[in-house]
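The values are calculated or read from the model by the stated rules, or taken from the named source; none is laboratory data. Everything numeric in this text was worked out from a predicted model, so none of it was measured. Note that we place each Cβ from the backbone using ideal geometry, even for glycine, and neighbour counts take in every protein chain shown.
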Amino acid sequence: MDIADEIVRQAILFIVSFAANLFASVSGGGAGFVQFPLLILLGLPFATALGTHKVAVVFLGVGALLRKRRSGGRFEFDRQVAFVMTFIGAPAVVLGSLIIIKIPAHMAEVVLGFITIAAGIYSFLKKSFGSGSNEPRSRMRLFAGILAVIAIGLFSGSLSSGAGLFATMALVGIFRLDLKSAILHSMVFVATLWNAIGAVTVGMATSIHWQWIPVMIAATLSGSYLGTTLLIKLPTKWVKLVFSMVAVLSGCMLIYASYAKAG
């Protein structure tokens, strides 16, 4: 490969990944809808692109935590949520990475696309979305949250995108976290922990394009750092607007990509 072509590819990769991770840090997810297809467009096979994407996205949560720590504000974990995401969600990610889902990929992606769009519209129209307090949870609500985390973990392991947005929705709608706290939990557990597990699992079965990892890490760290700065400073209503926009756009992109692959 020509050196000039490689420089251009890495420059494009940095710019697009930076923007994708910046918005993902404000909305709680969605970087994979842009970053993963870009890797394929730049010439990587599907499996290699998936593993490479998961390695880079691990640093989304790292950048968020670095910015949160520097701001002087301490990120307080919800212990119940942390337990469920770590000890129930993480094994589901491994299972999702290993099993073959019987539902055709095209159908699953289209359904997920419409669900994501509906979630974005719902979050925009519902005034109280993301304003919940960390109130005590009933056993029924906790059970529903566990089921949701298992489902999201399975999708995180088997599909390339969407887990962060769905996790944020579940943390707000079921676990009753406020929107900013839900986004930070999603950055730590989905972006960092789950993707690290997915990267190891996928990496054992396929190759990772390590030549692009340094520039992707730089883009992810800087994008998430700036995105978390905006998350801390922006009013919740603006964060909710960004979340809604990213969800709707991500759903549209998922549906489009699914039909493009089918065609």
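One line per residue, one yes/no per condition, for (1) over 18 Å from THR192 (Cα atoms); (2) assigned to a helix (DSSP H, G or I); (3) at pLDDT below 80; (4) basic (Lys, Arg):
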position	(1), (2), (3), (4)
MET1	yes, no, yes, no
GLU6	yes, yes, no, no
ALA11	yes, yes, no, no
ALA47	yes, yes, yes, no
LEU50	no, yes, yes, no
GLY89	no, yes, no, no
ILE103	yes, no, yes, no
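Conditions (1) touching a residue at least 60 places away in the same chain (Cβ under 8 Å); (2) of a type in the set (A, V, I, L, M, F, W, C); (3) surrounded by 22 or more Cβ atoms within 10 Å (Cβ to Cβ), marked per residue:
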position: MET187; (1), (2), (3): yes, yes, yes
position: ALA191; (1), (2), (3): yes, yes, yes
position: GLY198; (1), (2), (3): yes, no, yes
position: PRO235; (1), (2), (3): no, no, no
position: PHE243; (1), (2), (3): yes, yes, yes
position: SER250; (1), (2), (3): yes, no, yes
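Rundown of residues vs (1) within 20 Å of ARG69 (Cα to Cα); (2) of a type in the set (Asp, Glu); (3) in contact with a Ser or Thr (Cβ under 8 Å, 6 or more places away or on another chain), yes/no style:
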| position | (1), (2), (3) |
| --- | --- |
| ARG139 | no, no, no |
| ALA151 | no, no, no |
| SER156 | no, no, no |
| MET169 | no, no, yes |
| VAL188 | yes, no, no |
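Taken over the stretch 200-221, the criterion of being surrounded by fewer than 18 Cβ atoms within 10 Å (Cβ to Cβ) and more than 22 Å from LEU42 (Cα to Cα) is satisfied by VAL200, MET204. Scanning the stretch 16-42 for residues that are surrounded by fewer than 24 Cβ atoms within 10 Å (Cβ to Cβ), more than 28 Å from SER123 (Cβ to Cβ) and touching a residue at least 12 places away in the same chain (Cβ under 8 Å) gives a single hit, LEU42. The set of residues from the stretch 161-202 being over 20 Å from VAL62 (Cα atoms), assigned to a helix (DSSP H, G or I) and touching a Lys or Arg at 6+ places or on another chain (Cβ under 8 Å) comprises just one member, VAL202.
Remark: LEU147 matches the filter, which requires a residue to be under 19 Å from the mean Cα position of the chain (by Cα), farther than 20 Å from LYS54 by Cβ, modelled with pLDDT of 90 or more and part of a helix (DSSP H, G or I). Of everything in the stretch 145-158 that is touching a Gly at 6+ places or on another chain (Cβ under 8 Å) and among the hydrophobic types (A, V, I, L, M, F, W, C), the residue that is nearest to GLY96 (Cα to Cα) is LEU154. Just one of the numbered conditions (1) under 17 Å from TYR122 (Cβ atoms); (2) among the small types (Gly, Ala, Ser); (3) over 17 Å from the mean Cα position of the chain (by Cα) is not true of ALA205: (1).
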